[in-house]
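Chemist: Got a structure here, written out as structure tokens. Questions coming.
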Amino acid sequence: MIDYHFPLSIGEEETLNERRLLTKVESGLMMNGPESVRFIVVHCSATRADRDYTVEQLLRDHKTRGFRTIGYHLYIRRNGEVTQHRRLLEVGAHVRGYNRCSIGICYEGGLSATDGKPADTRTPEQKQALRELLGKLHTLFPKALILGHCDLPGVKKACPCFQVMSEYTF
């Protein structure tokens, strides 16, 4: 078992204690509490592995879809940089029907550079960042199931283009 101690750093934000990490924000809908988090869902951005998909582009695309901001809680760039876009207990916009009980993590990529078909395009830096992030989240939400977007009932997408449940067991 991985043991994490505070302060934790998620993205550029350092969190001194668990209470601060889970604090409510005035804007946006909040979950009922840490016990509400039943799933930690991994996504891919469904972009080609050889092309950048910046936070600015992600924000633009999510606003175009009618979201007030990025729907994922966390985003992992190809270089392993993690950015946070919603508080952990803020309701996300990443899985219809599961947003009130899940945390969404997205990695940049998911489509092959050559033909644009679904593929596991995670860089070593992304794999390391995702493992560390999932370990931290598992510590905060030990009862939450870690799975891929495609593992949820009714989802007909390849996202995140690898087998999350067999790769990440804590």
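Chemist: Going by the structure shown, is ASN17 modelled with pLDDT of 95 or more and either over 18 Å from ILE105 (Cα atoms) or surrounded by fewer than 13 Cβ atoms within 10 Å (Cβ to Cβ) (or both)?
Modeler: Values: modelled with pLDDT of 95 or more: no; either over 18 Å from ILE105 (Cα atoms) or surrounded by fewer than 13 Cβ atoms within 10 Å (Cβ to Cβ) (or both): yes.
For ASN17, the condition - modelled with pLDDT of 95 or more and either over 18 Å from ILE105 (Cα atoms) or surrounded by fewer than 13 Cβ atoms within 10 Å (Cβ to Cβ) (or both) - is not met.
Chemist: Could you tell me whether any residue of the range 53-71 is within 24 Å of LEU134 (Cβ to Cβ) and in contact with an Asp or Glu (Cβ under 8 Å, 6 or more places away or on another chain)?
Modeler: Yes, the range 53-71 contains at least one residue that is within 24 Å of LEU134 (Cβ to Cβ) and in contact with an Asp or Glu (Cβ under 8 Å, 6 or more places away or on another chain).
The values are calculated or read from the model by the stated rules, or taken from the named source; none is laboratory data. Because the structure is predicted, anything quoted here is derived from the model rather than measured. No Cβ is skipped: glycine too gets one built from the backbone with ideal geometry, and neighbour counts run over all protein chains shown.
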